[in-house]
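Right, one structure below, let's go through it.
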Amino acid sequence: MRRFLSGAACALLTLLPAAPSVGAPAPGPTTGGLATDNIEHVRHIPLAQNGVGGRLIGRYFYMNDQNKIMIFDAKDPLDPQMTGFVPMPQEWQFSREDLDGNGKILVVPNTVSGFADGRPDASTNAVYIVDVEDKTNPQIISKVLGAGQHTISCVLDCTWAYGSGGNIIDLRNPAKPKLLERKWGDGTPAGNSGHDVEEVAPGLVLTATDPMMLLDARKDPAQPKVIAVAERANQYMHGTQWPRRMGDRFLLAASETTMNGRCNENVGSFSTWDTRGWKKSKTFTMIDEVRPVGGIVVDGNPPAQRNCTVHWLDEHPDFRNGGFVASGWYDHGTRFFEVTKTGKIKEAGYFYAYAGQASAAYWITDDIVYTVDYNRGLDILRFKPPK
């Protein structure tokens with residue numbers, strides 16, 4: 001059973017003396033939660049039911065929950081305005097997470113909203129193609145029945161899409177998409193068992209699998225080639241990033257362990273990986289990793305109520321061979337880190353929302369972050385580098 005602190009209990013906790021963990025500043029009270037002194041909680045927008053994920057494309061922020069896709073104009077990042085939304089089939093659990101698109105279309109999976117004979121119902125297990133050129137009137141223009149997987153990502157400017165479980169969809173005509181029989185993981189070290197893929201440069205795709213793989217889809221997206229394989233992490237990999245379109249020294253990754261309710265040395269981590277010489281070695285090696293730690297709230301490390309794990313992460317717009325990273329950490333809120341020039345990870349601040357379950361954090365500007373929260377919807381934070 002999920003348990004939440006009462007308002008009185010939360011107020012009492014803010015009055016207790018701080019007992020910070022090593023290297024972590026003690027949080028102080030702020031609107032809607034606790035935060036380090038370099039994080040300002042600017043605004044809370046309670047618009048989503050089970051807010052899951054999003055994507056900033058141009059000045060528009062696309063966000064989803066269990067039953068709709070929302071479009072926000074983030075021209076004023078402190079006051080985003082919803083311009084339109086499109087209803088989606090209800091997903092009661094494990095909702096679509098990693099929205100992707102090119103500003104003209106979104107590719108949206110839908111996987112567990114209905115069941116028949118113990119299997120996802122084909123009428124709702126699908127990949128939906130949403131026309132978003134008119135930000136005030138997004139429309140579903142096509143769907144691929146039976147193609148839904150947990151996440152779907154664009155490849156080559158959304159002319160193709162790859163699913164987390166290996167699906168390849170031809171989107172060259174988005175009104176008539178085609179699901180291929182072949183999967184991107186066929187015959188590879190990781191197979192087709194993954195949580196996400198990310199196009200880190202045009203036609204080059206990094207898989208959140210164990211081991212992580214770099215796929216080259218530039219010549220033949222229907223049959224990508226494996227050009228590098230990371231060392232095994234022996235973890236369930238959740239998401240990957242390679243800043244500056246693979247121009248950075250560091251690869252960033254997150255693993256996940258949900259429904260555990262307790263922190264230990266095996267929970268999901270945020271890790272940095274060395275990419276130097278990968279073209280010759282054909283591999284990546286881990287440099288450092290950090291995990292959530294159970295505590296007593298006022299030390300900055302709340303006890304896990306449901307999920308002690310890392311989730312989605314996003315690097316700062318100015319990340320260059322090191323820099324800041326924001327991440328949703330479920331029970332542990334929104335966490336900020338600095339990756340040093342050697343790839344080591346240092347804590348740089350956090351916002352812990354009362355009764356929150358932070359799914360993902362996105363840099364909208366160099367100091368404004370949007371946190372999508374399963375319980376709360378959307379929180380807007382302002383980040384200042386720690387002193």
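The values are calculated or read from the model by the stated rules, or taken from the named source; none is laboratory data. All values reported here derive from a predicted model rather than from experimental measurement. When we count neighbours, we look across all protein chains shown, and the Cβ atoms used for this are built from the backbone with ideal geometry, even at glycine.
The residues in region 85-124 that are over 20 Å from Val372 (Cβ atoms), modelled with pLDDT under 75 and not acidic (Asp, Glu) can be counted, and the count is 9. Across region 338-384, the qualifying residues are those that are touching an Asp or Glu at 6+ places or on another chain (Cβ under 7 Å) and small (Gly, Ala, Ser), and the one among them that is nearest to Trp273 (Cα to Cα) is Gly343.
Is at least one residue of region 214-221 of a type outside the set (S, T, N, Q) and closer than 26 Å to Arg291 by Cβ? Within region 214-221 (the criterion being of a type outside the set (S, T, N, Q) and closer than 26 Å to Arg291 by Cβ), the answer is yes, since at least one residue qualifies.
Going residue by residue through region 267-279, is there one that turns out to be modelled with pLDDT of 95 or more, assigned to a loop (DSSP other than H, G, I, E, B) and in contact with a helix residue (DSSP H, G or I) (Cβ under 7 Å, 6 or more places away or on another chain)? No. Taking region 61-95, which residues are farther than 24 Å from Gly148 by Cβ and not charged (D, E, K, R)? Across region 61-95, the qualifying residues are Phe72, Ala74, Pro77, Leu78, Pro80, Gln81, Met82, Thr83. Considering only region 208-225, state which residues are within 24 Å of Asp170 (Cβ to Cβ) and either in a loop (DSSP other than H, G, I, E, B) or in contact with an Asp or Glu (Cβ under 8 Å, 6 or more places away or on another chain) (or both). Selection gives Ala208, Thr209, Ala217, Arg218, Lys219, Asp220, Pro221, Ala222, Gln223, Pro224, Lys225. Answer yes or no: is there a residue in region 132-143 that is among the small types (Gly, Ala, Ser), buried (at least 21 other Cβ atoms within 10 Å of the Cβ) and at pLDDT 95 or above. Looking through region 132-143, none of the residues is among the small types (Gly, Ala, Ser), buried (at least 21 other Cβ atoms within 10 Å of the Cβ) and at pLDDT 95 or above. The condition (being buried (at least 23 other Cβ atoms within 10 Å of the Cβ) and at pLDDT 95 or above) is satisfied by just one residue among Phe319, Phe284: Phe284.
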